[in-house]
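One structure is given below, encoded as structure tokens.
The values are calculated or read from the model by the stated rules, or taken from the named source; none is laboratory data. In this text the structure is predicted, and so the values were computed from the model without any measurement. Cβ coordinates were reconstructed from backbone atoms using ideal geometry, including for glycine residues, and neighbour counts include every protein chain displayed.
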Amino acid sequence: MIKKMDAQNKLALSIPQAADALGLSETFTRQLVYSGELPAVKVGRRWIVPVNALDRWLAERTGEG
């Protein structure tokens, strides 16, 4: 599950927040978003990553999903 302090009371995270929560670089996380591998939504000029989608994505890759 995503770090409680990052995801607490939030429905979505910015790419830098998602990268920090996953322990990945911001650049690599952006690549995952831009390629469509990591679910995200573009709002204006910003990309946001829904917390529930991030949890599902991580669970699928760790064999928990």
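Restricting attention to region 27-37, does a residue exist that is part of a helix (DSSP H, G or I) and touching a Pro at 6+ places or on another chain (Cβ under 6 Å)?
No.
Give me the residue from region 38-61 that is part of a helix (DSSP H, G or I) and closer than 12 Å to residue 13 by Cα and, out of that set, nearest to the chain's Cα centre (by Cα).
Residue satisfying both the conditions and the ranking: 54.
Filter region 34-65 down to the residues that are surrounded by 17 or more Cβ atoms within 10 Å (Cβ to Cβ), free of Cβ contacts under 8 Å to residues at least 24 places away in the same chain and in contact with a helix residue (DSSP H, G or I) (Cβ under 6 Å, 6 or more places away or on another chain) and list them by number.
38
Filter region 1-18 for residues that are closer than 17 Å to residue 60 by Cα and either modelled with pLDDT of 95 or more or surrounded by 16 or more Cβ atoms within 10 Å (Cβ to Cβ) (or both) and give the result.
The answer is 2, 18.
Take residue 64 and decide whether it is assigned to a helix (DSSP H, G or I) and either at pLDDT below 95 or hydroxyl-bearing (Ser, Thr, Tyr) (or both).
Considered against the rule, which asks whether it is assigned to a helix (DSSP H, G or I) and either at pLDDT below 95 or hydroxyl-bearing (Ser, Thr, Tyr) (or both), residue 64 comes out as no.
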